[in-house]
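Note sheet for the following structure.
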Amino acid sequence: MATVKEVLDLAIEVELIGLAHRVFWAISKGLVTLNDPSERLDTIDYDEKVIGDIVERNFLQIGKIKLYIIETHHPDIYAFYYCENALEAHSLHQEMFREVPKRLTNASHLMTKIFHFNETGDSQILYFQRKQVVSYPYYLGHARAGERWLYRGGVVRDDLQ
């Protein structure tokens, strides 16, 4: 049986902003405790207006760090960054690679995908990999279009599949 804390932790981790703030509100009002079974959340009469305001302010600061991809000047090669905004990704890319990006895209839809990291040999869903990052903005690596191998330093090797 899951606890309220486990539901809150998961909602924050996978950026379910509405659910996370809803559970936070219930805890802050003393309607549940962290150790209560999660089923208790189904019995609460929620104040939707107040919760909506909390979600709008994003009190828990969920989803601030996004995934951006930059199309490089090498055909079908993209650089991946965790940043708060596109300007950070653009600036970091220019600083690291002395290259003006061709195109920059918010790629948050890729956060649920498994990527393989050549540097460590690990394979992880990007949501969970992001938790290991200490500071932002952060360069993840480069990848070929349509592939899920991330290579650090812009080196994308043909011999790895």
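The values are calculated or read from the model by the stated rules, or taken from the named source; none is laboratory data. Everything numeric in this text was worked out from a predicted model, so none of it was measured. Cβ atoms come from the backbone with ideal geometry, glycine included; neighbour counts cover every protein chain shown. Side chains included, ligands, DNA and RNA excluded: accessible areas come from the protein's heavy atoms. Shrake-Rupley method; radii C 1.70, N 1.55, O 1.52, S 1.80 Å.
Comparison of Leu104, Leu92, Leu126, Leu87 shows that the only residue that is out of contact with any helix residue (DSSP H, G or I) (no Cβ under 6 Å at 6 or more places or on another chain) and touching a residue at least 24 places away in the same chain (Cβ under 8 Å) is Leu92.
Residues in region 17-63 that are free of Cβ contacts under 8 Å to residues at least 12 places away in the same chain and closer than 30 Å to Glu84 by Cα: Ser28, Glu48, Lys49, Gly52, Asp53, Glu56, Arg57, Gln61. Filtering region 115-136 to residues that are out of contact with any strand residue (DSSP E or B) (no Cβ under 9 Å at 6 or more places or on another chain), open to solvent by 60 Å² or more (accessible area, probe 1.4 Å) and not aliphatic (A, V, I, L, M) leaves Thr120, Phe128, Lys131, Ser135.
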